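First the structure, in the form of structure tokens, and then the observations on it.
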Amino acid sequence: MKQLWSFIRKESRHILRDKRTLAVLFVMPLAQILIFGYVISTEIKDARIGVLDNAGDYSSRQVIDRLVSSGYFMVQDYYSNSRQMENALRRGDIQMAVVFSPDFGSDMERPDGTSVQFIADASDANTARMLVNYAEGIVAGYELQSTEVLNQQNTPLIVEARMFYNPSLRGVLMSVPGIMAMILILVSAMMTSISITREKEYGSMEVLLISPLQPWQIILGKVAPYVILSLVNAITILAVGIFVFHVPMSGSYLLLTFVSLLYILLSLSLGIFISTVAPNQMVAMFISLFALMLPTILLSGFIYPIENMPVWLQWFSYIMPPRYYISALKDVMFKGAGLLVVWKEVLVMTGFLVAFLLLSIRNFKVRLE
Amino acid sequence: MIDVDSISKNYGKVSALCDLSFKVRKGELFGVIGPDGAGKSTLFRIILSLLLPDSGKVSVKGLDPVQDYKSLRKIVGYMPGRFSLYEDLSVEENLNFFASVFGTTVEENYHLIKGIYQQIEPFRKRPAGKLSGGMKQKLALSCALIHQPELLVLDEPTTGVDAVSRSEFWSMLHQLKEFGITIIVSTPYMDEASLCDRVALMQQGRILEVASPQDVVDNFRGALFGVSGGNMYRLILDCRDFDMVETVFPFGEELHLSFKDGGDHRTDLHEFLKRRGSDEVSIRTIQPGIEDRFMALMATS
């Protein structure tokens, strides 16, 4: 026990004395969440639209007023013919064009209705789809109100979509669990794998092997300081998310801590596993970066919805540990879910943890290559 | 203490050790002498249970490094060839760490390392990475000794260390013998061989000879001559052209030269060299050293 304790102390000293790495470890999560929170926003705000108003009547102006007063849209310009409109769209001056038919207002009273056209710049497909959806919603609202008076018996079927748990579709909400998943796996897996392979590279592993230290003591001593470091990181991200970006936290903190701790341990065991495979720090770092960080970002549902992936990639995403953590985190934070809801994720992560630990123990060499 | 019985080790197709056998007695200061790449480190790692031999058996105090590696590792102290302590930890922290890892304290075994550690104690707060080469070696030796091992394995401890520190280091090893610790040490420096009780001369994974330094020298057959004067390079080429010459090696400012029958053909050689245009050549008889024996062994093997 005393041996283990002095090993942990030694390991903590390594971490604390490497001021530069330490600074990166603490600043990185902060920088990430601020970047994701402020820059990469998927929200619609003041989108530039152009208007080609062939009708120019009361109703068309009212529709435009509605669009603008929603706060989502901002009229960049008015056009008198479709060529001008197309040019503006092509140049990227506007993100979406609104085209009214010549008899927009008077047609509204006719049984087959009237039409308004939205032309969106779909070179940014996600934004285009969102813009059209938003505009449609606003126009539908206007239509309902203005026809209500005339046609009370014959209310058309209105689909009312409501976004639960994230009503204003704020992107930062989505990125907090994702950033937690990414930072934790990065700090835990990459840093432990590097710190173990460093001993191999510098030759001190030879001396440690000769000592009476057991393999589990070496591993546990390496890992313990990083558990604390990762927890501090998790708390930082959560605090910034909750206090700066007002991300809701409706579940229990205890469950959140438990799930996060499980994920940290899982990442650490992954790091140990990498270190048993990698011969030096360089390889350990590349494995961590390419095998952990990129899939975490791309395949875990952090940025791209898993449902939109090709089927074979969806299958691949099942073996991404962060996927389960992000899913559990979202349930707990946004929906206030309890253990009864996230037990599947907890079970899968425990499975991963056990698997990686067994693999690492099997792979740990008590001799040199 | 150590019984190495015909071990071999290959790295892929490269044969690192080839059928080695020797014994080390308890309390002995045993040197393994050989140039870089002779297989010294591989041999030590096999003795220490860090590598497995492809064939053959090793026994250290009756323990088999293959099976009983756990109990073996408790009784050995090891100082690897390159500095492998923690450079970001201070002198003191390194020593305390290794003491507690081996389940002891610095105070408990201070008597063992006192002579060595006192020299670096003024720098005990300094990070190990900022020590000079000689001081690093002293710290590494202190760390390897702190748990009072029965066998101390030192892999090229004096490589890259200045001459003064080297001789200090060897006198420390002699002091350690007083405590009954068996020491095996490897070195590429032939002049250090005479400081060991017995030496094994190694070359390309083979042991050429195991004997006391004195016996190694005595085993040198025939007379040895020192040749000097004029251009060294030309002198070597000229000497090699002389029929009776067996071996010629540059050795400091002289050439060490022996004749084929081990006899004395100084006057003939002098004449020969004079005819080649080297006038100021002097030839003298000299006492053979360990390096001469090593060269002779290498030439015959």
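In whole angstrom, note down how far apart the Cα centers of the stretch A:269-343 and the stretch B:139-193 are. Their Cα centres are 51 Å away from one another. Applying 1/(1 + (r/R0)^6) with R0 = 51 Å to the Cβ-Cβ distance of B:Lys57 and A:Lys45 gives a FRET efficiency near 0.05. Subtracting the Cα-Cα distance of A:Asp112 and A:Ser146 from 0.36 nm times their residue separation leaves 10.7 nm of extension gain.
Sites listed here are GluC sites (Glu not before Pro) in the stretch B:99-172 whose DSSP assignment is loop and whose Cβ has at most 14 other Cβ atoms within 10 Å: B:Glu107, B:Glu108. Distance between the modelled labels on A:Gln214 and B:Gln148, one decimal in nanometres: 2.5 nm (7 Å Cα→Cβ projection). Within chain A, what is the longest stretch that has no chymotrypsin sites (Phe, Trp or Tyr not before Pro) placed in a DSSP loop and near at most 16 other beta-carbon atoms within 10 Å? No qualifying site falls inside A:1-163, the longest such stretch.
Divide by every residue of chain A the summed helix terms, -39500 (n - 2.57) for each DSSP H run of at least 4, and state the resulting mean residue ellipticity at 222 nm, rounded to the nearest 500 deg cm²/dmol. List each step's numbers first, then the result.
Numbers: 16 runs with 233 residues, N = 369.
So the helix-based figure for chain A works out to -20500 deg cm²/dmol.
Across B:Asp19, B:Asp243, B:Asp197, mean-square fluctuation computed from a Gaussian network of chain B (C-alpha pairs under 10 Å connected) peaks at B:Asp243. Among A:Leu238, A:Leu25, A:Leu358, which one shows the highest mean-square fluctuation when chain A is modelled as a Gaussian network with alpha-carbon springs under 10 Å? The residue that fluctuates most here is A:Leu358.
The helix-only estimate of mean residue ellipticity at 222 nm for chain B, built from DSSP H runs of length n ≥ 4 each weighted as -39500 (n - 2.57), is -10000 deg cm²/dmol after division by the residue total. Counting only aspartates and glutamates at least 8 places from B:Lys130 when in the same chain, those with an alpha carbon closer than 18 Å to its own are A:Asp18, B:Glu87, B:Asp88, B:Glu92, B:Glu93, B:Glu121, B:Asp162. Angle of helix A:82-91 to the longest C-alpha principal axis of chain A, folded into 0 to 90 degrees and rounded to 10: 10°.
I'd like the FRET efficiency for B:Asp5 and B:Arg276, computed as 1/(1 + (r/R0)^6) with the beta carbon distance as r and R0 of 60 Å, rounded to 0.05. Could the numbers behind the result be given before it?
Details: r = 52 Å, r/R0 = 0.86.
FRET efficiency, B:Asp5 to B:Arg276: 0.70.
What FRET efficiency would be calculated for the residue pair B:Thr159, B:Thr285, taking the C-beta separation as r and a Förster radius of 56 Å, to the nearest 0.05? Result of the calculation: an efficiency of 0.95. By the scheme Lys and Arg +1, Asp and Glu -1, what is the net charge of all other residues having a beta-carbon under 14 Å from that of A:Phe26? In short, +1. Computed from Cα positions, the angle between helix B:91-101 and the longest principal axis of chain B comes to roughly 70 degrees. Each Cα pair under 8 Å and six or more residues apart adds its separation to the average, and for chain A the resulting relative contact order is 18 percent.
Principal-axis analysis of the Cα atoms of chain B puts helix B:110-120 at an angle of about 60° to the longest axis.
Short-range pairs are left out: with C-alpha atoms under 8 Å and at least six residues apart, the relative contact order of the stretch A:252-369 is 41 percent. Suppose a student asked you for the relative contact order of chain B, using Cα pairs under 8 Å spaced at least 6 residues apart; what percent would you report? Averaging sequence separation for qualifying contacts and normalising by length gives 20 percent for chain B.
Interface of B with A. Using a 1.4 Å probe and counting protein heavy atoms only, the two chains hide about 2600 Å² of accessible surface, both sides summed.
The values are calculated or read from the model by the stated rules, or taken from the named source; none is laboratory data. Treat the numbers as computed from the prediction; the structure is a model and nothing was measured. Quick reminder, even Gly has a Cβ in these numbers, built from the backbone with ideal geometry, and neighbours come from all protein chains shown. Quick note on the areas: whole protein, heavy atoms, side chains included, nothing else; ligands and nucleic acids left out. Shrake-Rupley method; radii C 1.70, N 1.55, O 1.52, S 1.80 Å.
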